[in-house]
Amino acid sequence: MFDLVLENEKGQQIKLTNNNDYAITDMDGLNPPSASIVTSETSLFDGAKFVSSKTETRQLDIAIAIQRNAEENRIALYNVVRTKQYIKVSYKNGRRDVFIEGYVSDFNIDYFAQMQEATISILCPEPYFKDAEEIIAGVNLIIAKFTFPFAIEATKKVTLGEYEEVLEANVVNDGDVESGMVIEIHANGEVKNPVIYNRETTEFFGLDIELEQGDSVYINTTVGQKSVQLFRDAEYINIFNYIKQYSTWLQLAQGDNIFTYEADEDTTSNMDVTFTYRHLYQGV
């Protein structure tokens, strides 16, 4: 069993499962997407040499039987699903709760069938399903020392927590593929030239900039959405030109990813760093 909901750019939704007005009779495009493999022929050995590979866009085709009140329920579909417009497809089964975004490329109705059937075709430029839950992982410099409930004698002193520079975060990607993320750097004081490192790959992303207390920097490393913005005085400012030379748009490999960070002139302790991301899946 599964649940399927369509939602347009205005937030209007239509639920196509567990709904007496509609029945999904077929759905293509839930499997892993296809890939294009580029090779080069050579006369030096059998076969060919691998050059590159690329995942193709995803095509979703949903066939829906309109079970009653054909005109009314057909119009209800029209109100949500619009040709060439944005559509969000939310899918949930026993193991995964995901969504994918695309654009309606075709919307056909078999008007003269005994039971009218609609076929909706959706082209998804980003081919992977995204987990419905957004994950936020951070670097916490406060180390807890106890858990409730507790009791102490009035004359004793107990440390509730201690401040320690634990400047690394383990960010776990349980998805099927590598993914981007949004890295937020928040300045609790002056921060000079912050840098985020991937401890395993030694790749880094840095900025040649001085942050003031209260500033936040948002680094989006998602393919197709890469950006760097400074939020200061209630305004977002593009700071793409402040990216440090040889920086890499850090990605989350499958499994554990250990990130560390630093800043110049003993300003590291003024940084709060969080990583926001979603697991990506090939199929459902």
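The values are calculated or read from the model by the stated rules, or taken from the named source; none is laboratory data. Quick caveat: nothing in here was measured; it's all calculated off a predicted structure. Because the Cβ atoms are built from the backbone with ideal geometry, glycine has one as well, and the counts that use them run over all protein chains shown. Surface areas here come from the heavy atoms of the whole protein model, side chains and all, with no ligands, DNA or RNA. Shrake-Rupley method; radii C 1.70, N 1.55, O 1.52, S 1.80 Å.
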Taking θ as phi - 60°, what are the ³J(HN,Hα) couplings along the range 42-56 by the Karplus curve (6.51, -1.76, 1.60), each to the nearest whole Hz, with x for Gly and Pro? 9, 8, 7, 7, 5, x, 8, 9, 5, 10, 6, 9, 8, 7, 7
So how tilted is helix 70-80 from the main axis of the chain? Cα-based, degrees 0 to 90, rounded to 10. 30
If R0 is 45 Å, what FRET efficiency do you get for Arg74 and Glu203 from their C-beta distance, rounded to 0.05? 0.30
Would you mind classifying the range 1-141 by shape? Square roots of the alpha carbon gyration tensor eigenvalues, ordered a ≥ b ≥ c; an a/c under 1.5 is rounded, otherwise it is prolate if a/b is larger than b/c and oblate if not. oblate
Global geometry of the range 82-131, whether rounded, prolate or oblate, following the gyration tensor of its Cα atoms and the 1.5 cut on a/c: oblate
Which distance in Å, rounded to a whole number, links the C-alpha centroids of the range 39-56 and the range 233-266? 35
Pulled fully out, how much extra length does the chain show between Asp3 and Phe112, if you take 0.36 nm times their separation in residues and subtract their Cα-Cα distance? 36.4 nm
As a test of reading the structure, rank Leu30, Leu44 by solvent-accessible area (1.4 Å probe, protein chains only), most first. Leu44, Leu30
Counting helices only, and only those DSSP H runs with n ≥ 4, report the 222 nm mean residue ellipticity of the chain as the sum of -39,500 (n - 2.57) divided by its residues, in deg cm²/dmol to the nearest 500. -1000 deg cm²/dmol
For a Förster distance of 45 Å, can you work out the FRET efficiency between the beta-carbons of Ile37 and Leu167, rounded to the nearest 0.05? 0.65
Take the range 197-284, drop everything but the C-alpha atoms, weight them equally and run the Debye formula without solvent; then report log10 I(q)/I(0) at 0.26 Å⁻¹ to two decimals. -1.68
Can you give me the orientation-averaged projected area of the convex hull built on the Cα atoms of the range 1-65, in nm²? 7.3
In Å², nearest 10: area of Glu262 left accessible to a 1.4 Å probe: 80
Of all chymotrypsin sites (Phe, Trp or Tyr not before Pro) in the range 42-126, the ones in DSSP coil with at most 15 other Cβ atoms within 10 Å are Phe45, Tyr111, Phe112
Below 14 Å, Cα to Cα, which aspartates and glutamates can Lys15 reach? Residues fewer than 8 away in the same chain don't count. Asp3, Glu7
So, relative contact order of the range 178-266 in percent, Cα under 8 Å, 6 or more apart, is 38
With the cut-off at 32 Å, tell me which of the pairs Lys84/Lys226; Lys54/Lys92; Lys92/Lys226; Lys84/Lys130; Lys49/Lys92 have Cα atoms farther apart than that. Lys49/Lys92
